[in-house]
Amino acid sequence: MSTLETNLIQPATGTTLTVGASGDTIDIPSGATLDATGATITGALANAPYIRVKCATQAISATTSTVLQFNNEVYDSESSFDTSTYRWTPQVAGTYFIGINMYVSSMNDANYAEITIQKNGSNIGNVQYTCAKSSTSAGVYIGTITELNGSTDYVDGSAYLESAETMNGNAHIIGYRLI
């Protein structure tokens, strides 16, 4: 093995510098620092795809599990959220964090609220919130980590409320690939 000692490597032509070839392992030894401050990172180290989508206006019926109509995209890095089916199908396989929050303003009429995260139609996480009926509002949140295959796996969310509620932008789903 040979050692190359230099302070700067630049491409001879163009703007791309290739280190190694397909199948090679590039090793960064323990204790070394890889500083990417100010750089744009793509590929394996990129924390994408990611989304943040909220419900615009949706009526949630009492005592009925209802798919949350996430249809107002705030962020959708890869255009992979479907606002007509309210599902996210990220097109990159990996491990993902998914979170749903909901603000319920009518807790004075009820004492129970539940939100569920679903993967391919099956429950992968839910949280129930119970309070005294004299409470006026509540914020409910659930977060989980799951594997998504990048082609057919999708996630969405649902709510179950003891009393009817109209969501006016007060429910959100977020998701991003973990690196």
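A few remarks follow.
- Stokes-Einstein D for the stretch 47-92, Kirkwood Rh over Cα pairs, 4 °C, 1.567 mPa s (µm²/s): 113 µm²/s
- Considering only 35, 27, 82, the mean-square fluctuation computed in a Gaussian network model of the chain, springs between alpha carbons under 10 angstrom, is largest for 27.
- With a cut-off of 15 Å between beta carbons, the residues surrounding residue 154 carry a summed charge of -3, where Lys and Arg count +1 and Asp and Glu -1.
- Computed label-point distance, nm, for sites residue 18 and residue 4 using a 7 Å Cα→Cβ extension: 1.4 nm
- Residues whose amide H falls under 5 Å from that of residue 62, counting only those 5 or more places apart or on a different chain, are 164, with hydrogens built in the peptide plane.
- Label-to-label distance for residue 47 and residue 141 is 1.5 nm, based on points extended 7 Å past Cα in the beta-carbon direction.
- For the stretch 23-106, diffusion coefficient by Stokes-Einstein and Kirkwood Rh (Cα), 25 °C, 0.890 mPa s, µm²/s: 149 µm²/s
- The value obtained for the chain, namely the Cα convex hull volume divided by the number of residues, is 177 Å³ per residue.
The numbers here are math on the coordinates, done by the rules we state, and not lab data. The model shown is predicted, which means the values in this text are computed figures rather than measured ones. We place every Cβ from the backbone using ideal geometry, glycine too, and count neighbours over all the protein chains shown.
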